[in-house]
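Structure first, commentary second.
The values are calculated or read from the model by the stated rules, or taken from the named source; none is laboratory data. Quick caveat: nothing in here was measured; it's all calculated off a predicted structure. A quick note on method: Cβ atoms are made from the backbone with ideal geometry, for glycine too, and the neighbour counts reach across all protein chains shown. Note: areas computed on protein heavy atoms with side chains; ligands, DNA, RNA excluded. Shrake-Rupley method; radii C 1.70, N 1.55, O 1.52, S 1.80 Å.
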Amino acid sequence: MLRWSQEDASLEALLAYLRDGKLLILPTETVYGIAAPIANAKAIETLYAIKGRPSSKALPVLVPDASSARALTRHWPEQAQALAERYWPGPLTMVLPAAAQLPRQVTAGKDSVGLRVPAQAFTLSLLRAWGAGLATPSANPSDLAPASTVEQCQRYWPQEEAIAVAVDAGPTLLQVPSTVLEWVEGRWHLRREGVITRAELSALLASDLSS
């Protein structure tokens, strides 16, 4: 794979790689992610394969803004808007009912999708230029730890031709995965606690959170 610093990386070239179905390693504020266009079935298949990710496990999707996230859901709870306004861009993934047009490869046949707007300037610029979602799980084989540097990603995939470019922004700011909050049958459930804590979310939502 090529390695470009975020200062030298060309948005136009990265967009061309995405259009060609190539994978990209991208920085976020949490950990590095490995990205594929959600509408490219072959790219999504490759993403599952090189991660060794079970096909039964859905892929999280990075989006450029809350309106893009809303377009990928069939239900946007009122509190989702408040959460988006408070924490996006940022380290919160919301798992919401998936819109019918989302490929089942991405959702692993489930009725929900995890959505996040990352707070990393370069990757957010790329998402805005792309204008759509990118399936972006953490950049590591499924049985290994998430990568907080490009060097870790290169050790995981030293000769992987399906990955066109790794964009190097140095060590990620937070170095832990995002908090994951899921809407199920009218209630929020905390699936993973990250930098955004259970107590903080409970206070904003004015309710206790089940796991």
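Per residue, how much accessible surface does the chain expose to a 1.4 Å probe? Answer in Å², no decimals. All intermediate terms of the calculation are to be shown ahead of the outcome.
On the way: 9510 Å² over 211 residues.
Ligands and nucleic acids excluded, the figure is 45 Å² per residue.
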Checklist entry - Any idea what angle helix 78-87 forms with the longest principal axis of the chain, computed on alpha-carbon atoms, 0 to 90 degrees, nearest 10? => result 50 degrees
Item to check | [x] 19.2, 60; [y] 16.2, 49; [z] 20.4, 61, with the label sought being that of the calculated Rg and Dmax of the Cα atoms in Å | outcome: [y]
Item to check | Using θ = phi - 60° and Karplus 6.51 cos²θ - 1.76 cosθ + 1.60, couplings along the stretch 90-98 (whole Hz; Gly, Pro as x) | outcome: x, x, 10, 9, 9, 9, 10, x, 7
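Given +1 on the Cβ of Lys and Arg, -1 on the Cβ of Asp and Glu, and no further charges, what dipole in debye does the stretch 84-196 carry about its Cα centre, rounded to the nearest 20? Mind showing how you got there, number by number?
Working: 9 positive and 10 negative charges, 62 e Å.
The dipole magnitude comes to about 300 debye.
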Next on the checklist: Between 0 and 90 degrees, rounded to the nearest ten: what's the tilt of helix 121-130 against the longest Cα principal axis of the chain?
Outcome noted: 90 degrees
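Using the crude model of +1 on Lys and Arg Cβ and -1 on Asp and Glu Cβ, and no other charge, please compute the dipole size for the chain relative to its Cα centre, in debye to 20. Walk me through the numbers before you get to the answer.
Numbers: 19 positive and 20 negative charges, 103 e Å.
The dipole magnitude comes to about 500 debye.
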